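Step one of this worksheet: look at the structure below.
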Amino acid sequence: MLRRRLAIWVLAVLLVPSACTTIKYESVGAPVKTPEYSFGYLKANLDKPLADVYEATRDAYKDLGIKVVKAKADKLTGAVSGDLASGTTATTDLTALTEKLTAVSIRVGATGNEGFSRRIYDRIEKHL
């Protein structure tokens, strides 16, 4: 009986397809033209200084009617968080990779929302 259970378990493990994830490593200086959505985050690098991307992010939130509840930035990092009408939180984190290159990470909700994240990103680009 124990052998039979062990054999069934081994077959189940071997026959169940494994989930593979490809991790893309990028050099710091290489701008990403197309944002990538992964694990609930929309990530991209914008070829603009952090201060410009920060202001564009605040303007994007305002355009989309997202109530900004937190907005902070210095010369190295920045963050803008706001609440959607549904009560969901949208957060955009910014990191200066160089003086003219900024990494952007957008997450909407606890598990992420790709559609809303892309709308925020598109609006940020519009203001740049």
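Confirm whether residue 95 is in contact with a Leu (Cβ under 9 Å, 6 or more places away or on another chain) and either among the polar types (S, T, N, Q) or part of a strand (DSSP E or B) (or both).
Answer is yes for this residue.
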(message) Can you say whether residue 62 is farther than 18 Å from residue 49 by Cβ, more than 16 Å from the chain's Cα centre (by Cα), in a helix (DSSP H, G or I) and without any contact (Cβ under 8 Å) to a residue 24 or more places away in the chain, as far as the supplied structure shows?
(response) yes
(request) Could you check, for the range 82-102, whether at least one of its residues is touching a His at 6+ places or on another chain (Cβ under 7 Å), closer than 16 Å to residue 119 by Cα and hydrophobic (A, V, I, L, M, F, W, C)? (result) no
(message) Restricting to the range 59-80, give me the number of residues that are crowded, with 18+ Cβ neighbours inside 10 Å and closer than 15 Å to residue 108 by Cα.
(response) 4
(message) So residue 28 ticks every box in (1) more than 28 Å from residue 115 (Cβ to Cβ); (2) touching a strand residue (DSSP E or B) at 6+ places or on another chain (Cβ under 7 Å); (3) modelled with pLDDT of 95 or more but one. Which box is left unticked?
(response) (3)
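The values are calculated or read from the model by the stated rules, or taken from the named source; none is laboratory data. All figures in this text were calculated on a predicted structure; none of them were measured in a lab. Note that each Cβ is placed from the backbone with ideal geometry, even for glycine, and that neighbours are counted across all protein chains shown.
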